[in-house]
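Visitor: Before anything else, here's the structure in question.
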């Protein structure tokens, strides 16, 4: 109902509008008295409506800050995770509502070519999700987490790639390797470095967890 009142209000405030309040209310299926009652509450700075609008705007500003963090767009899940790192708890439903309200749209992710190819040839090297995100329940040396991220540097925003392995229980970074490209060798170097430095700290039945990308 509020959306209809807001649409009527914006239409009436337009310099090009020639429609009457009665016509707009009838077209939207609302009463004139209902519209005027809403208008009165809207203009009252102490009204519940305005307090909620003010809070929505403050929360959306936080969402926008998370969305633009590090200069690239994120989806709802990425925004949620960034907010958590900022010490802010905001559920997915609220994030979605405010993004829709203020017309902030998530980028459309392109299909993963590796998964698409595996599906096409009806085969896959992807393993079952054994851990189910329970990374810190097994003690040191049992669960290793690995990922690749990119880093920008220099005036021309050159890109480097960082391969990291950390202990899921202690959160200690056990090995890392930088590379100017995504050649598979640099991922293998991270594994070799891990065993060179921490061979005796890793259990023989340890699990290594990744996002199961190409590498």
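Visitor: Can you tell me how many residues in segment 168-181 are out of contact with any strand residue (DSSP E or B) (no Cβ under 6 Å at 6 or more places or on another chain) and surrounded by 15 or more Cβ atoms within 10 Å (Cβ to Cβ)?
Guide: Adding up the residues that qualify gives 1.
Visitor: Going by the conditions given, is residue 162 over 16 Å from residue 195 (Cβ atoms), modelled with pLDDT under 85 and not in a loop (DSSP other than H, G, I, E, B)?
Guide: no
Visitor: Looking only at residues that are at pLDDT 85 or above and touching a helix residue (DSSP H, G or I) at 6+ places or on another chain (Cβ under 9 Å) in segment 6-16, which one is surrounded by the most Cβ atoms within 10 Å (Cβ to Cβ)?
Guide: Checked segment 6-16; the qualifying residue surrounded by the most Cβ atoms within 10 Å (Cβ to Cβ) is 8.
Visitor: Considering only segment 1-28, how many residues are free of Cβ contacts under 8 Å to residues at least 12 places away in the same chain and either more than 19 Å from residue 42 (Cα to Cα) or more than 37 Å from the chain's Cα centre (by Cα) (or both)?
Guide: Count: 10.
Visitor: Then there is this: Looking only at segment 141-160, count how many residues are within 21 Å of the chain's Cα centre (by Cα) and surrounded by 10 or more Cβ atoms within 10 Å (Cβ to Cβ).
Guide: Number of matching residues: 6.
The values are calculated or read from the model by the stated rules, or taken from the named source; none is laboratory data. Computed from a prediction, not measured in an experiment: that's the story for all the values here. Here Cβ is always computed from backbone atoms with ideal geometry, including for glycine, and neighbour counts include all displayed protein chains.
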